[in-house]
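Novice: Mind having a look at this structure? Questions to follow.
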Amino acid sequence: MSYDVVILVPEFPKNRDILGAISDIDPQLRLRTRRGGTIVEIADQQGRSLVAFEPTQQVDVPGEADRLLAPGIADGLPSPFWWIETRTRAPEARWLSDAFAEGLVRRLGGVVWRSSTDDSTADAKGTHQ
């Protein structure tokens, strides 16, 4: 089962925000793209994919994040806001998804939603900053 993390931020993340969040974790981590750029992966020095994320999506519909993630998750965010979703299947890489999300929120503000870590149903675990 995959471990999913959704980062909701008030502004579109620039490349420097994404690269900075990754570099703060480990400067030796690398980004690479797959499927013509529709998937971005965070990889280790050996090229092993650890975490994948899709291009940032703008959320224009009021209540959409609440409906999909958890009631009230987007409270305090402007309209529109931005959705970045990460996914990993490697249990040992869950920390990396969390650290990347927290790094983006430190830079841009926003909130983080995490799926359940016990391989059951998803739980909303919002962290506002």
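The values are calculated or read from the model by the stated rules, or taken from the named source; none is laboratory data. Please read these numbers as outputs of a predicted model, since none were measured by experiment. So basically every Cβ, Gly included, is an ideal-geometry build from the backbone, and we count neighbours across all protein chains shown.
Novice: When both residues are 6+ apart or on different chains and their Cβ atoms are under 9 Å apart, which pairs have a first residue that lies in segment 46-62 and is surrounded by fewer than 16 Cβ atoms within 10 Å (Cβ to Cβ), and a second that is among the basic types (K, R)?
Specialist: Cβ pairs passing all conditions: G47/R30; G47/R32; E54/R87; V61/R67.
Novice: If you go through segment 2-24, how many residues are assigned to a helix (DSSP H, G or I) and either surrounded by 17 or more Cβ atoms within 10 Å (Cβ to Cβ) or of a type in the set (D, E) (or both)? Write out each step before concluding.
Specialist: Step one: filter segment 2-24 for residues assigned to a helix (DSSP H, G or I), giving 15-24.
Now drop any that are not either surrounded by 17 or more Cβ atoms within 10 Å (Cβ to Cβ) or of a type in the set (D, E) (or both), which leaves 17-18, 21-22, 24.
Adding up the residues that qualify gives 5.
Novice: Of all residues being touching a Ser or Thr at 6+ places or on another chain (Cβ under 8 Å) and charged (D, E, K, R) in segment 33-64, which is nearest to V112 (Cα to Cα)? Just the residue, please.
Specialist: The residue in question is E54.
Novice: Taking the residues in segment 92-113 that are farther than 14 Å from V5 by Cβ and touching a residue at least 12 places away in the same chain (Cβ under 8 Å) as candidates, determine which candidate is surrounded by the fewest Cβ atoms within 10 Å (Cβ to Cβ). Steps first, please.
Specialist: Let us first name the residues in segment 92-113 that are farther than 14 Å from V5 by Cβ, namely 92, 106-109.
If we keep only those that are touching a residue at least 12 places away in the same chain (Cβ under 8 Å) as well, we get 106-109.
On the way: R106: 14, R107: 19, L108: 20, G109: 17.
Residue satisfying both the conditions and the ranking: R106.
Novice: Going by what's in this entry, would V61 be described as more than 15 Å from A93 (Cα to Cα), in a strand (DSSP E or B) and at pLDDT below 95?
Specialist: Here the answer is no, as V61 does not meet what is asked.
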